[in-house]
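The values are calculated or read from the model by the stated rules, or taken from the named source; none is laboratory data. Since this is a predicted model, take the numbers as computed values, not measurements. Using ideal geometry, Cβ is built from the backbone for each residue, glycine included, and neighbour counts are taken over all protein chains shown. In case anyone asks, the SASA skips ligands and DNA or RNA and just uses the protein heavy atoms, side chains included. Shrake-Rupley method; radii C 1.70, N 1.55, O 1.52, S 1.80 Å.
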Amino acid sequence: MRGVVMHAPGDVRVEERPDPRIELPTDAIIRLTAACVCGSDLWPYRGIEKLEGAAPMGHEYVGVVEEVGGEVRTVRPGQFVVGSFWASDNTCEICRAGYQSGCVHRTLMGTIGTQAEYARIPLADGTLVATPEMPPADLIPGYLAASDVLGTGWFGAVAAEAGPGRTVAVVGDGAVGLLAVLAAKQLGAERIIAMSRHAPRQQLAREFGATDIVTERGDEGIARIKDLTGGLGAHSVVEAVGTQESMMQAINSARRGGHVGFVGVTHDVALPGMDVFNALVHLHGGPAPVRRFLPDLMRLIGERTIDPGKVFDLDLPLDRAADGYRAMDERRAIKTLLRP
């Protein structure tokens, strides 16, 4: 089969990879209908995250079940399915508490690589959720977003306790940040402040429910949030970048007693103890337990209540994956959809 492999920073190729096969009775094999490039894929692409040799790429996926192992009971061949970027059994004590990304048997789908024609899905019963019927083509991007960026943005908003009567600020205008805006809107937030300097992303943020746009960053961005909130700061802040600056901007944009949900994959972030101590905020986040939210998010997409697929502003065949990476790296695209 064809699949995307990263050989070195900036070196992305589509090449022949071995066809996946059932390795455990809990596995399923799916034929990918769509995959995509994630903002987190840009860390190794830019050389910030080190590669240990050539690596298969991709962890977001939707597709049709081709084959299942002997112990799989909840999905069957021919069904259209969505899965999380973490495979999980959905039955262990951690999963039952709603943190499937911390499952004791978890597998990171990025180690398997779903920017490909086919993929093996471990723990299929716990990982995959099927739609009631084969969805129309225009819903495919929305279901694909649910596999990671929608669920991650949603977790960020939930972790920040976005809800009625609250002001929510979102640090980061990538796909996760934009979908955190959508999530905050769906959760009933009264005011949603999107922090963005890019006109197309600002426009999409407003479509998703942002009431205010802040273009400043760092200390200036914090001051602007305070100005908009009577000097207090936001009740809820979502951090969706993963840098030192974005984390401190998020913490310091929250009011005393506020909540910060951090879902950006952190790189070289160190929290200064006294600053965090004096901030008097709640911090909660990490890799999103997408599987917790997946059934409800898929229902909202299927009912056309939300359209998270709007974050895909570049649609390419799999063979042009390198172009998709380049466009996102240069911020000419928010998120690239790949069609095997």
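Annotation note: Cβ proximity below 8 Å between a residue of region 250-266 that is at positive phi and a residue that is in a strand (DSSP E or B) (sequence gap 6+ or interchain) occurs for G257/H282. Return yes or no: is I112 closer than 26 Å to V176 by Cβ and either over 20 Å from the mean Cα position of the chain (by Cα) or open to solvent by 10 Å² or more (accessible area, probe 1.4 Å) (or both)? Criteria met by I112.
Could you name every one of the strands (runs of 3 or more DSSP E) located completely within region 217-307 that has at least 2 residues being loosely packed, with under 15 Cβ neighbours inside 10 Å and of a type outside the set (V, I, T)? Full working, then the answer.
Values: elements: 234-239, 254-262, 282-285.
Once the strands (runs of 3 or more DSSP E) in region 217-307 are filtered for at least 2 residues that are loosely packed, with under 15 Cβ neighbours inside 10 Å and of a type outside the set (V, I, T), what remains is 254-262.
Summed over region 308-334, residues that are among the basic types (K, R) and assigned to a loop (DSSP other than H, G, I, E, B) total 2. Annotation note: of D173, D125, the sole residue that is over 30 Å from V64 (Cα atoms) and of a type in the set (D, E) is D173. Put simply, of G126, G110 the only residue that is in a helix (DSSP H, G or I), at pLDDT 95 or above and closer than 23 Å to G3 by Cβ is G110. With respect to the conditions (1) surrounded by 24 or more Cβ atoms within 10 Å (Cβ to Cβ); (2) of a type in the set (A, V, I, L, M); (3) out of contact with any strand residue (DSSP E or B) (no Cβ under 8 Å at 6 or more places or on another chain), A137 falls short on a single one, namely (1).
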